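One structure follows; several queries about it will come next.
The values are calculated or read from the model by the stated rules, or taken from the named source; none is laboratory data. Everything quoted here is computed from the prediction, not taken from an experiment. Positions of Cβ are backbone-derived with ideal geometry, glycine not excepted, and every protein chain shown enters the neighbour counts. What goes into the accessible areas is simple: the full protein's heavy atoms, side chains included, and nothing from ligands, DNA or RNA. Shrake-Rupley method; radii C 1.70, N 1.55, O 1.52, S 1.80 Å.
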Amino acid sequence: MGTQKKGASRGSEDPVELARVPLQAILLADSFTTKFRPITLERPKVLLPLVNVPMINYTLAWLESAGVEEVFVFCCAHSKQVIDYLESSEWFSQPNFTVTTIESHNSVSAGDALRLIYERNVINGDFVLISGDTVSNMSLTQVLQEHKERRKKDSNAVMTVVIKRSKPSQITHQSRLGTDELFVAIDPNTKQLLYYEDKADHAKGSIYLDKLLLADNPSITLHNDKQDCYIDICSPEVLSLFTDNFDYQHLRRHFLKGLLVDDIMGYKIFTHEIHSSYAARIDNFRSYDTISKDIIQRWTYPLVPDVKFFGNSSIKLERQGMYRASEIGQSRSAQIGPFTVVGSGTKIGNTTKISNSVIGEGCSIGSNVSIEGSYIWDNVTIEDGCKLRHAIACDGVIVKSGAVLEPGVVLSFKVVVGQQFTVPSYSKVSLLQQPIKQDSDEELEYADSSGGIAEISSITHTVDKLNGEITNQPFETQCWPTSELGTGGAGYVWSICEGGHDEEWRHSVAPIPADKLSEAIHAADDDLELTQDGRSLPPSGELKPDSNDSEYDDDGESRDDSIYFEKEVEATFLRAVHENITVDHVILEVNSLRLSYNKVAADCAGGLFYSLMKLALETPQDSASELVQATTNVLAKWKKLLKYYLAEIDEEIEVILKLEEICESTKEFAPVFDKILYQLYDLEVIQEEAILRWDDEKKDADESDKVFVKQAEKFIQWLREASEEDEEEDEE
């Protein structure tokens, strides 16, 4: 393999020579964080199953499909497990795709990893930098081209970071991935990144930009609606910069922010925004849950359960996003709900209900079990009468009869929950005792022994400071005796350190609790009242001289946002249908989504109405009249939910427009538009005024846009005549 001088610029090289350099990638197979403990004390994060496939397989499959030819996998924590897995997989035998592992036992940060790779002298040109917990289906062609073109003009353009639009919740200040709200300033013309802050102090309610930043850049776009995808295109200089500066440990907090404030060297970082493609990193348990749902709902295509790629087995897609392997044993009385994956060799007992969950391979699930929104890994045993809600159960876990896992529970490998025992919300349980000290942000590798308790060595306080957190403070350790996990239980429940309760519900696989959501909504309302004087900045906008309006908007981005919103509303509604969730609780969840996506009541009404109509269509029926009856039944049952979002006539008109849209795209509904419109009126979901105003608005429309108005002509005429008669009676 030909090499160049370390850190040398390729900006002036011949384009033909550049074309011969294979595209390389550095994949960090260590997250250098402790967010997935206690699970990652026994298995590295990149080998944890994501919809029954090890995370690293998604990353490698994407790199191969994107045209990367050579991948260097950096292994540190549990390095032997990662190397053994890759060597026994098909990744080591792919044509035109080389995977090489680089092992280290003493690296404690991404900075250390990149310094070691620099010393190996294996990177020969621009490369992709990514971690092994990233899922994407984006093409690299455009971002690579942009990066190379910039390098030709400016050798200081050393890095391009991939971003995507993702509005944070206005009440929790988090993205849908559970990560902190990100503030970035970008030059809208050159796409240069000028400011990056992911640790804003929301208590202050403001952020501060350097005056020089505003003075030096005639136009700046400030955003809080972008998501960092943690996919970087780097020039070789990036590696030498890490080697020259040992203060660079964390990729964002130290390196990226360091370059942004360094006005001596003049290095520049640019952004590339993706729109229709998918890219996200699993940072915490909430993003694990979100990305799992995205995979099941096929946003990550072709990296989905029913398409064969390395590390997954054949599985069949059925209706409502349900995936089942062919070799499962399911009782006829068992119910598998929407957005659920069931792996091969799993057995499911009588009257058991499973929804919005992932079940691994070789599991044994008893009778009368309820599993909702949970992740059950391989070879798990769940005995009769158990209830699991929004929990994670790792390989080999046994949940004995009548036990309950409350939302947010994480059971690490081979934990046993005793009979009738209730594991409290957000508990983390392991066969390994909780360390007396939480040593550092590195996930130290335990010996692969079967012994119950392992020793942890202490890491210097310096490491903790480098990772941005003081984490070597002692826990108030509470290791429960195994007898306290119920009869026959085995495991230690880790205590939550002081001040950590808030982080648990924020980063959990469980939905935000109703009481926490209510508190946050009230706080958000208070903040909103304080900013109604018009002096606050919009969530995202352009700052330039003599301009008050944001010119930086994209219809495609808004459309993507709306699609995501409707998918989330549909998933929430289906969960309510299959799990008998109360209307009031559904309203709370939809309101949370509404705030997160910055939507109005009409959007909620449209999304819910679409979900109702889809449910009616999937109800067995053999004729148009039966379809109308099924639709009427669904509307009658969920009328209260829909009406909550129909306080104004405009919102009722939105439902009629949504009905038109559905009938245009669904041949079964098209012939019965007028009958469903009548049922909406008869059930008092929409008022006469809304229908007549809709008719009036269609007067000047094209003929092609009047199809359903004409179909409902007799009904509308009847309404108008009835309205006129009422007016005459009033006059008399």
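What shape does segment 647-718 have by the C-alpha gyration tensor, where a ≥ b ≥ c are the square roots of the eigenvalues, rounded means a/c under 1.5, and otherwise prolate means a/b greater than b/c and oblate the rest?
rounded
First measure r as the distance between the Cβ atoms of GLU713 and GLN320, then evaluate 1/(1 + (r/R0)^6) with R0 = 35 Å and state the FRET efficiency to the nearest 0.05.
Calculated value: 0.45.
Could I ask something else about it? Hey, if you put +1 on the Cβ of every Lys and Arg and -1 on every Asp and Glu Cβ in segment 2-286, which of ASN156, THR221, HIS272 ends up farthest toward the positive end of that dipole?
Result: THR221, furthest along the dipole toward the positive end.
On a straight-distance basis, which lysines could pair with LYS400 in a cross-link, Cα separation under 18 angstrom, same-chain partners fewer than 8 positions away excluded?
The reachable lysines, counting only those whose Cα sits under 18 Å from LYS400, are LYS347, LYS353, LYS387, LYS414, LYS428.
Can you compute the charge dipole magnitude of segment 2-286 about its Cα centre, using +1 on each Lys and Arg Cβ and -1 on each Asp and Glu Cβ, nothing else charged? Give it in debye, rounded to the nearest 20.
Computed charge dipole of segment 2-286: roughly 480 debye.
Continuing with this model, one more query. What are the lysines whose alpha-carbon lies under 26 Å from the alpha-carbon of LYS706, with same-chain residues fewer than 8 places away excluded?
Partners found: LYS614, LYS658, LYS667, LYS675, LYS698, LYS714.
Would you mind giving the average projected area, over all directions, of the Cα convex hull of segment 2-286 in nm² with one decimal?
15.7
Report the Cα centroid-to-centroid distance between segment 96-138 and segment 209-269 in angstrom, as an integer.
When both Cα centres are located, 20 Å separates them.
At a probe size of 1.4 Å, how large is the accessible area of MET322, to the nearest 10 Å²?
Approximately 20 Å² of MET322 is accessible to the 1.4 Å probe.
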